[in-house]
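As structure tokens, the structure follows; a few thoughts come after it.
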Amino acid sequence: MKTIASCAEIAEAQLIRSVLEGHGIQAVIPNEQTAEIAPPYLWASGGVKVQVAEQDAADAQELLATLAKESDAALELEE
């Protein structure tokens, strides 16, 4: 498994996992229960991680980058 995102909040990690799975990429949050019950333990280790299989890592990172660009463009239009 390869980490493709580290998040400050469990909700953000769950959203990323949902987006990836919606595009056919299996994703896991290895310490999801710890993040929900005792977030400070994960903050000390770099945040809540989202992982995918090695063979899906490039596609997952490309998808997240594309969505981030689209989101930034939408925010610029609102201004």
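The values are calculated or read from the model by the stated rules, or taken from the named source; none is laboratory data. These numbers come from a predicted model, not from an experiment. Because the Cβ atoms are built from the backbone with ideal geometry, glycine has one as well, and the counts that use them run over all protein chains shown.
Data table
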item: Output for the stretch 30-59, where each listed residue is over 20 Å from residue 19 (Cα atoms) and either surrounded by 19 or more Cβ atoms within 10 Å (Cβ to Cβ) or touching a Gly at 6+ places or on another chain (Cβ under 9 Å) (or both); result: 42
item: Selection from the stretch 33-79 of residues that are at pLDDT 75 or above, of a type in the set (D, E, K, R) and more than 14 Å from residue 3 (Cβ to Cβ); result: 36, 59, 62, 69
